[in-house]
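Read-outs throughout are calculated quantities, based only on the coordinates presented, and are distinct from any laboratory measurement. On a predicted model such as this, the values are computed, not experimentally measured, just so you know. Cβ placement follows ideal geometry from the backbone for every residue including glycine, while neighbour counts extend to all protein chains displayed.
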Amino acid sequence: DVRLTRTTAVSGTLTLTAGKVITGTYELQVTNSSTTSITGYSASSYVYGNLRRSVLLTGSYDFPLGNNSNYELLNLSLTAAVGFTSVLGKFTSGNPENAAYPLTPITISGVDMFEFLNAGYWTLTPNSPLTVGIFSVNVVETGYTNSLIDGILYSLLYRPNSTTAWSSAGTHSDATQIWDG
């Protein structure tokens, strides 16, 4: 593993080969906006902490994130997304629910969502707000231990900050989910 002692920028290609890059309070910044500017990531080689990627208006960007034990890949796809030039990604272990703003049932595909997977949550923070365009997010959650109650339906929930209620933003597709063990 490599532990950052300051914010570090990579202007070319970040090639992950073995172990984790542990950022702590610092950022690992990939300033190359190519969708292929990070390579070699896997369940044994990812970023544990803060990963900032420079992005273009359109593209599909992987954020190879995780915690001390689990690889938690996130993909952000942008289509004509105007307003920002970089996105900070982070995976945080633990339950994202705030007691003052609890998860109230949100119905998706006829099923009430009322529980979070217990491994943690992703945070994406653009350097400035999206003014126009489309984005989609796909995740691979690997570290949860709580079981399914209502079949195998999962959904990504959204909130702009920790003091607002959770909601289902955009469109959810049951057909694109894959549950494996």
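Remarks
- Note on segment 1-98: antiparallel DSSP beta bridges, both residues inside, total approximately 45 percent of the bridges counted.
- Distance from segment 57-87 to segment 108-144 (C-alpha centre basis), Å: 11 Å
- Spatial extent of the chain: Rg and Dmax, with the Cα atoms as the point set, Å: 16.5, 48
- Taking every DSSP bridge with both residues inside the chain, close to 65 percent are antiparallel.
- Segment 5-105: C-alpha gyration tensor shape, a/c 1.5 cut-off, then a/b vs b/c: oblate
- For a label point 7 Å along the Cα-to-beta-carbon line of ASN95, residues of segment 155-169 with backbone N under 19 Å: 155-159, 162-167
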